[in-house]
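S.K.: Have a look at this one before I ask anything.
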Amino acid sequence: MKEFIGFIAIIISLLLLLLLAFGLLRVALITLPACTVAISVMLLVLYLFRAQRVHYLNSHGVLSRILVVQFEGHKLHWELEESQIALYAKAKLATFFSIILGITSIWVILSFTYKKGAFNNLTRLSSDANMIIGYIISGIVIIITIIKAKPAETLKDAIWDRGSYLVNQINTQLERIHELGSLETSIQSLAYQLKISFPADFKTAIQKFVCTHKNELLSDTTDLNNLIAAQIKHAEEDRMYLEKANNHYRAAMKLYMVVAVEVNWTGSISLIKEMEYDYEGLTSENMKSLLSERKWDDFHDIVQEIMKDLQQLRELARKYQEEGTPDNKKETDEEKAYRLMEISPAASNEEIKKAYRDLALNYHPDNAEQTTLGIKKLAEDHFKEINWAYDFLKQIRSL
């Protein structure tokens, strides 16, 4: 618009200079206010036409018919449909009205000026001739104005700007699909650790929605925004619950690892069978399917129940060892050391060292940092016992 007004100002200045050269400057100056009013009226009509077209564009879904929208999975691409835009952007009627109103405004102003005698004695010509010259000058200004305004091109630019704005808005929302991709990766990683098949496809629903409603989105993006927000919230909840489930499950497996050592050394068939039963419960596909079905509370209840059983088994195993074997034979320190090291008395020195390295790696307290306080305490206690056993064997074997 600024460029257009500047162009009109330059044209008028050139006309004034030309008229000055022919001695018609005074006629041009009298005509100048009429030209200014005519230009203003014409521009107002064209602006109102453009505003009406853009409003119609937004409220009647016309934009979806004149834009060709394509979706490649992550963002929208678009272009104008030339045949439709040519049909929609017809501005002949608006151009005609702007010219008529421009001429009318000039006629009214120049007629009023003529009646006041303003055209008298401006040149050597009569006042009627001077007014005709004024009409000719005004007509030239009107023609230049309508040619430069290009109503159809201006409307096409408005449609382009509107389409670009809306598509950019949609693509800004679609950029959040990358956020979903990151969440899906985290969920799949947790599912892999838990060895379960967990549904983690949140992007497909959005992509299908956009493919189906890509034209409607040009009028309203509310449903898309709500869908993306809901999918992100859903994915974040799944990741949070899976993290809790994974931590809980890892804590249960560490507890099983600690208790299994103590139970196995008791030699009690009944306690060992209970351990096997608990292990089957922890690794049961039925229990893990609860995660795939998002039955978080049921999963945690089962794991918690198994952990309680393991704690009871640990207490029974310790009580069994304190009471000794059925013939009340007490365990010596050397026997205890070999038991804790999980090797036989016939093991070589290298086997003892290797056993210590493996046990230290498995039972080191740092490996229990992400578990419950109870599990961490169990790991610390057993790690101390392993260190005692290794120091004891080093001493008696002179390692």
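S.K.: Working with all protein chains in place, sort Arg50, Arg162 by solvent-accessible area computed with a 1.4 Å probe, largest first.
M.R.: Arg50, Arg162
S.K.: Compute the Cα gyration tensor for region 98-181, then decide on rounded, prolate or oblate, letting a ≥ b ≥ c be the square roots of its eigenvalues: rounded whenever a/c is under 1.5, prolate when a/b is larger than b/c in the other cases, and oblate in all that remain.
M.R.: Verdict is prolate for region 98-181.
S.K.: What ³J(HN,Hα) values, in whole Hz, does the Karplus curve 6.51 cos²θ - 1.76 cosθ + 1.60 give for region 387-399 when θ = phi - 60°, with x put for Gly and Pro?
M.R.: 4, 4, 4, 5, 4, 5, 5, 4, 5, 6, 9, 6, 6
S.K.: Another question, if that's okay. Ignoring everything but the protein chains, give the 1.4 Å probe accessible area of Cys211 in square angstrom, nearest 10.
M.R.: Taking all protein chains as shown, Cys211 has close to 70 Å².
S.K.: Considering only the other residues whose Cβ falls under 14 Å of the Cβ of Gly134, what net charge follows from Lys and Arg at +1 and Asp and Glu at -1?
M.R.: Net of charged neighbours comes to +2.
S.K.: Summing +1 for each Lys or Arg and -1 for each Asp or Glu, what net charge is found among the other residues whose Cβ lies under 13 Å from the Cβ of Glu293?
M.R.: Net local charge, Glu293 excluded: -1.
S.K.: Something else now. What are the ³J(HN,Hα) couplings of region 270-275, residue after residue, when phi is run through the Karplus curve with 6.51, -1.76, 1.60 and θ = phi - 60°? Round to Hz, x for glycine and proline.
M.R.: Calculated HN-Hα couplings, in order: 5, 5, 5, 5, 5, 4 Hz.
S.K.: Counting Lys and Arg as +1 and Asp and Glu as -1, what is the net charge of the other residues whose Cβ lies under 11 Å from the Cβ of Pro199?
M.R.: Every neighbour counted, the sum reads -3.
The values are calculated or read from the model by the stated rules, or taken from the named source; none is laboratory data. Just so we're clear, the structure is a prediction, and the values are computed from it rather than from any experiment. Reconstructed Cβ throughout: ideal geometry from the backbone, glycine too, with neighbour counts over all protein chains shown. The area values use the complete protein model at the heavy-atom level, side chains included, leaving out ligands, DNA and RNA. Shrake-Rupley method; radii C 1.70, N 1.55, O 1.52, S 1.80 Å.
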